[in-house]
Amino acid sequence: MRERLEAGVGSIWVAGEISNLRAQPSGHVYFTLKDDRSQLAAVMFRSAAQVLTFRPDDGMEVLVSGRMSLYPARGALQLYVDMMEPRGLGALQLAFEQLKIRLGAEGLFAADRKRPLPRFPRAVGIVTALQGAAIHDMRTVLRKRWPACRIVVRPVRVQGAGAGREVAAGIEDLNRLGGLDALIVGRAAGRSRTSGRSRGGGRARSRRRSCPSCRRSATRSTSRSPTSSPTPAPRRRPPRPR
């Protein structure tokens, strides 16, 4: 019966209000989804719950994706949730504010972790996508303001599923590369907010501020090699006639 139910219903989307939420030490989250007419028992296992960008709570309106099945021990109908997102206007802002609170509690925004920006950087690392206007604009501005600066680009995706983890990996790669006086994590205006609003990206940027290897010379490259722009040769003025 269980197999026939799962095959017949398949994957579904359900919207409702969370109630009776219970987060277990194992990482699994049990809750009830309800509206003004009905309610449905649901569970989100640790593998799915640990990648949420916000913290679900009682009374929150959410949209979830999952599959219907039976819990054999009680013979109860239950929704097994794979994905969850806040519902309604301000959902992205809610997730962002919750993320800031969690990272702030870890001390990632403490003043003593911040480092002054160099006035004349010798080398700047850029973590962004190679396609689009963002990388062109950053290179153009750097060339105009400080032509002698060396630019090292670590290509990443800045939108879509997994973009946050890819940006964090790019920051870590440039940290290990070393020899960089400053690091830019950027995207074009109007792009997805994934790159700037992930826990991995926030922690990676915080490690960048306190990582001593950022001042060392380059010692290694990565499997996805950053691209480096050569330092332009200094211009020599012809001697004046006597």
Q) By per-residue mean of other Cβ atoms within 10 Å, what is the highest-first order of 119-128, 27-36, 104-113, 61-70? A) 119-128, 61-70, 27-36, 104-113
Q. Counting Lys +1, Arg +1, Asp -1, Glu -1, what net charge surrounds Met60 among other residues with beta carbon under 10 Å of its beta carbon?
A. -2
**Q.** Cα gyration tensor shape for region 97-191, rounded if a/c is under 1.5, else prolate or oblate
**A.** oblate
Q | Extension gain (nm, one decimal) between Arg55 and Trp13, 0.36 nm per residue minus Cα-Cα | A | 13.2 nm
Q | Potential lengthening between Gln159 and Gln39 on full extension [0.36 nm per residue; Cα-Cα distance subtracted] | A | 39.8 nm
Q. Taking Lys114 as the anchor, which lysines have their alpha carbon closer than 29 Å to its alpha carbon, excluding any fewer than eight residues away along the same chain?
A. Lys100, Lys144
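The numbers here are math on the coordinates, done by the rules we state, and not lab data. Since the structure is predicted, the reported quantities are computational estimates derived from the model, not experimental observations. Backbone-built Cβ (ideal geometry, glycine too); neighbour counts: all protein chains shown.
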